[in-house]
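Right, one structure below, let's go through it.
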Amino acid sequence: MALNTNDINDIKIDVLKELGNIGSGNAATALATMISKKVDMDVPKVKILDFKEVPNILGGEEAPVVGIYFEMTGEIVGNIMFVLDLKSAKNLTNILLDRENKTLNLDEMDISALSELGNILASSYISSLSTLTGLNVAISIPSLATDMAGAILSVPAIQYGYIADYVLLIETYFQEGNNKVTGNLFMIPEIDSFEKLLKSLGVC
Amino acid sequence: MDAIKVGMADLKAIESPGILTTLGLGSCVGITLFDKKSNIAGLAHIMLPSSKEIKNNSNKAKFADTGIELLVEKMLLIGANKNFLVAKIAGGAQMFSFNSKSNILKIGERNVIATKEKLKELKIPVVSEDTGGNYGRTIELNAEDGSLLVKTIGHGIKII
């Protein structure tokens, strides 16, 4: 394996950040189209975090969160995960289902809406990745889980663990009316795909 | 008593009295070792089965094999006796499920197997475990008696 991600340089990080910005920009546009409402969005923040800092992004290791997980196949192999805290998840389903439900329990409607939304976000992210790199990428159907932040985030952390001692994530924030939503998107290419990805963007 | 936190890919050893905790274990495995003669307790939070599988393996606490070795070393250094060590393990869940051949998601199970193999090699008996399933766990190891508290969301609380 020629690539050592611990030696990853600034140019590579900048490329990955830019990829994140474009991808989540498209994802937010897709959301606005889906609900036919104006969605305010901040510039997404791309963060590189040490393992120890990871669970803090969602209110601590034991905070309940929702993870929506996809497998990437094709010329880039790996995974994509969209994670949001339970409050944000509920706000999001309230936007999608056009209702004001204050409880924090997710019912079947919520789970189905979140899976579909995750699907749209991940697909629009993948499609911009595909366009930028010229590589063919497809995603699986979503798998959804609700549990402690530490447990859900151990999944992307472990996958990054094979190639590095940090994770790369894209934090997006959007708002419709009073419903505020903060979501985190993890893109986790396998090591060979990571190299292919950078090469296709001319930085390897 | 304030518990001492052990993060992801991290390990710590203490003397009684004290509590070692790791919060929200998913597919990672929490390995606790206890010497009941000297009341010395250790906790490692490993992420991957083997340091031999990958090149980037400088962080010993990240892997079951090197993590357990390092934890034992640390405990011996503060006075534990290897012959009296017993292990309790928790975690190794599969958080997401798919109908695919990919073994990435089975990493929890592989972490548990690798942990047991290493403990067997070091002749440290596993006296109890709470592993597998599809849910996260918070664990607390009490250095006074070696009891291990396991907390979950929706799957109860128990002492193993």
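When residue B:114 is tested against (1) over 12 Å from the mean Cα position of the chain (by Cα); (2) closer than 22 Å to residue B:7 by Cβ; (3) not aromatic (Phe, Trp, Tyr), exactly one condition is not met: (1).
When restricted to residues that are part of a strand (DSSP E or B) and within 12 Å of chain A (Cβ to nearest Cβ), segment B:3-36 contains 9. Taken together, B:101, B:118 contain a single residue that is modelled with pLDDT under 90 and not β-branched (Val, Ile, Thr), which is B:101. Can you find a residue that is in contact (Cβ under 8 Å) with a residue 12 or more places away in the chain, at the interface with chain B (Cβ under 10 Å from one of its Cβ atoms), surrounded by 14 or more Cβ atoms within 10 Å (Cβ to Cβ) and not in a strand (DSSP E or B) anywhere in segment A:106-123? Checking segment A:106-123: not a single residue is in contact (Cβ under 8 Å) with a residue 12 or more places away in the chain, at the interface with chain B (Cβ under 10 Å from one of its Cβ atoms), surrounded by 14 or more Cβ atoms within 10 Å (Cβ to Cβ) and not in a strand (DSSP E or B).
Can you confirm whether residue B:114 is crowded, with 21+ Cβ neighbours inside 10 Å, under 20 Å from residue B:21 (Cβ atoms) and touching a helix residue (DSSP H, G or I) at 6+ places or on another chain (Cβ under 7 Å)? No; evaluated as a whole, the condition is false for this residue.
For segment A:42-62, taking the residues that are part of a strand (DSSP E or B) and among the aliphatic types (A, V, I, L, M), the one that is nearest to the other protein chains (Cβ to nearest Cβ) is identified as A:49.
The values are calculated or read from the model by the stated rules, or taken from the named source; none is laboratory data. Since the model is a prediction, treat every value here as computed from it, not as a measurement. Neighbour counts are summed over all protein chains in view; Cβ atoms, including those assigned to glycine, are modelled from backbone coordinates with ideal geometry.
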